[in-house]
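The values are calculated or read from the model by the stated rules, or taken from the named source; none is laboratory data. Keep in mind the model is a prediction, meaning the values are calculated, not measured. No Cβ is skipped: glycine too gets one built from the backbone with ideal geometry, and neighbour counts run over all protein chains shown. These accessible areas exclude ligands, DNA and RNA; they are computed on the full protein's heavy atoms, side chains included. Shrake-Rupley method; radii C 1.70, N 1.55, O 1.52, S 1.80 Å.
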Amino acid sequence: MLVSLFFALVGAIVGSFINVVIYRLPRILRGESINLSLPASHCPQCKTPVNIRHNIPLLGWLLLRGRCHHCKQRISPRYPLIELLVAGLFFLTIYLHGVTPQALIALLIISLLVPLFFIDLDTSLLPNRLTLPLLAIAAGSALCGYGLVSWQESLLAAATGFALPWLSDRFYRWRSGKAGMGMGDMKLFAGVGAWLGLEALFQVMLVASLLAIISALCILRRKVGETFPFGPYLVLASVIGFFCFI
Ligand SMILES: [Zn+2]
């Protein structure tokens, strides 16, 4: 329990870095001259740098009562919520699996899945800089004998995770002449396959599709034919898959 709480604390700190990635990576990819560490965190409204005390995960936002201390502009509650989310996922992983190589690898993969979820939600992009490391970590750990499944299954599931969406996309393009699924989704599917194995991959595909269909039915305002990001459903299904199907 104490060890799990320690990892929750680590998760909150990782979560605050993930906030930076979610905010800055799409801007870096658009060619803005910033990187992940420079310039230092600042209020997007008045550009006043955030002081160290207010940069503490969760507590900083509470101390500020959700407003910039300089210009009183509201700071989105999404920042502390993402820190809380990552802390919770880290806690749950260690609580359920203990401090094993597989659990530590899961923490790395979760640290890539969370920014993928929010970046795809915000920008409809699944950057290679997150999907490819995820695939490399998942396949690499299986090859070293620390995977959730054997390396043979891991590689087979990675190939299946890429090939099935790719084939269905080809078919969709051939029938409709329009692009179906993005390449980012296929790379993410490959990474999730390499991580969770073949059986869990199929369950994840099913859950992700069901979640996407349900939410498409719920959001009736969305115009027909409008593209919507699939990545968030895939990430959600993968996290559910890790905690429920493994
Ligand atoms: Zn401000």
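Key figures
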read-out	value
Percent accessible area from carbon and sulfur atoms, the chain, protein chains only, probe 1.4 Å	68 percent
Computed [θ] at 222 nm, helices only, for the chain once each DSSP H run of length n ≥ 4 contributes -39500 (n - 2.57)	-23000 deg cm²/dmol
Geometric extent, Cα atoms of the range 126-246 - Rg, Dmax (angstrom)	14.7, 48
Cut-off under 5 Å, modelled amide H: who pairs with R67 long-range	I75
Cα long-axis angle, helix 183-196 against the chain (0 to 90 degrees, to the nearest 10)	80 degrees
1.4 Å probe accessible area per residue over the chain, in Å²	55 Å²
Euclidean distance of C-alpha centroids, the range 17-37 and the range 40-73, integer Å	18 Å
Spatially proximal aspartates and glutamates relative to K178 (Cα-Cα < 17 Å; intrachain offsets below 8 disregarded)	D169, E226
Chain lengthening between D122 and T100 when straightened (0.36 nm per residue, less Cα-Cα)	4.6 nm
Residue-count net charge about I75 - beta-carbon cut-off 13 Å; Lys, Arg +1, Asp, Glu -1	+4
Helix axis angle, 2-29 relative to the chain longest principal axis, alpha carbon, degrees	90 degrees
Most mobile of A142, A216, A200 in a GNM of the chain (Cα contacts under 10 Å)	A216
Enclosed volume per residue, in Å³, of the convex hull spanned by Cα atoms of the chain	145 Å³
Contour excess over end-to-end distance, with Cα ends at C144 and Q73 and 0.36 nm allotted per residue	20.7 nm
Simple label model, 7 Å out from Cα along Cβ direction - L5 to R30, nm	4.2 nm
Quotient of Cα Rg and 2.2 N^0.38 Å for the range 76-160, N being how many residues it contains	1.20
Principal-axis tilt of helix 128-143 within the chain, Cα atoms, nearest 10 degrees	60 degrees
